[in-house]
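Participant: Have a look at this one.
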Amino acid sequence: MNPREKRFLKYLIENDKIMVKDLRELIGALNPAQIASALREQGWKINTGYIKVKDRDGKTCRPGYYWMPDSERIIANKFLKKTKNIDERVSSSSKKSKFKMLEFMQNNNMRRKK
């Protein structure tokens with residue numbers, strides 16, 4: 001799991017919902033949808049919602065936001081706490097880090113099947 005994905009999860013845990021436009025700056029990615037998609041592929045339950053607002057010209061638009069069910073936020077919080085320890089112990093090799101992360105998830109029944 002890369003740092004952007006971890007930051008994405010962190011902000012979803014801390015907020016009931018978070019606007020896509022805010023995530024761009026918070027996680028350091030111009031396209032948060034790409035990060036959300038990658039996390040969904042890993043099995044995380046990330047939902048998308050839209051709100052109706054008027055822009056400065058009075059036109060209706062529908063900006064998006066992401067949210068996680070409370071049960072998923074609890075799991076994500078535990079995951080981030082445990083993987084923080086793994087990240088500190090694993091070398092900077094991304095292949096090795098990814099392997100250790102997947103191994104941890106499988107050993108702790110945190111990996112979900114679609």
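Participant: Would you please name the residue that is farthest from L12 (Cα to Cα), looking only at residues in the range 44-66 that are surrounded by 11 or more Cβ atoms within 10 Å (Cβ to Cβ) and touching a Ser or Thr at 6+ places or on another chain (Cβ under 8 Å)?
Facilitator: Only one residue tops the list, namely G64.
Participant: If you scan the range 31-49, which residues turn out to be part of a helix (DSSP H, G or I) and touching a strand residue (DSSP E or B) at 6+ places or on another chain (Cβ under 8 Å)? Explain how you work it out, then say what you get.
Facilitator: Kept after step one, since they are part of a helix (DSSP H, G or I), are these residues of the range 31-49: 32-41.
Correct list: P32, A36.
Participant: Within the range 58-79, can you find the residues that are of a type in the set (D, E, K, R), without any contact (Cβ under 8 Å) to a residue 40 or more places away in the chain and either closer than 14 Å to G43 by Cβ or in contact with a helix residue (DSSP H, G or I) (Cβ under 7 Å, 6 or more places away or on another chain) (or both)?
Facilitator: Restricting attention to the range 58-79, the residues satisfying the condition of being of a type in the set (D, E, K, R) are 59, 62, 70, 72-73, 78.
In the following step, the residues that additionally are without any contact (Cβ under 8 Å) to a residue 40 or more places away in the chain were identified as 59, 62, 70, 72, 78.
Within the range 58-79, just E72 meets the criteria.
Participant: If we keep just the residues of the range 1-38 that are closer than 18 Å to R62 by Cα and of a type in the set (A, V, I, L, M), which is surrounded by the fewest Cβ atoms within 10 Å (Cβ to Cβ)?
Facilitator: For the range 1-38, the residue satisfying everything is A33.
Participant: Just one of (1) exposed (fewer than 11 other Cβ atoms within 10 Å of the Cβ); (2) more than 14 Å from M1 (Cβ to Cβ) trips up E41, so point out which.
Facilitator: Of the numbered conditions (1) exposed (fewer than 11 other Cβ atoms within 10 Å of the Cβ); (2) more than 14 Å from M1 (Cβ to Cβ), the odd one out for E41 is (2).
Participant: Give the residues of the range 50-74 that are part of a strand (DSSP E or B) and not aromatic (F, W, Y), sorted by residue number.
Facilitator: Quick first cut of the range 50-74, residues part of a strand (DSSP E or B) only: 50, 53-54, 60-61, 64-67.
Matches in the range 50-74: V53, K54, T60, C61, G64.
Every residue, every condition in (1) more than 12 Å from the chain's Cα centre (by Cα); (2) farther than 26 Å from K78 by Cβ, yes or no:
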site	(1), (2)
E14	no, no
M19	yes, no
L23	no, no
Q34	no, no
A38	no, no
G43	no, no
N47	no, no
C61	yes, yes
G64	yes, yes
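Rule-based calculations on the coordinates, nothing more; no lab input. Everything numeric here is computed off the predicted structure, so don't read it as measured data. Note: ideal-geometry Cβ built from the backbone for every residue, glycine included; neighbour counts use all protein chains shown.
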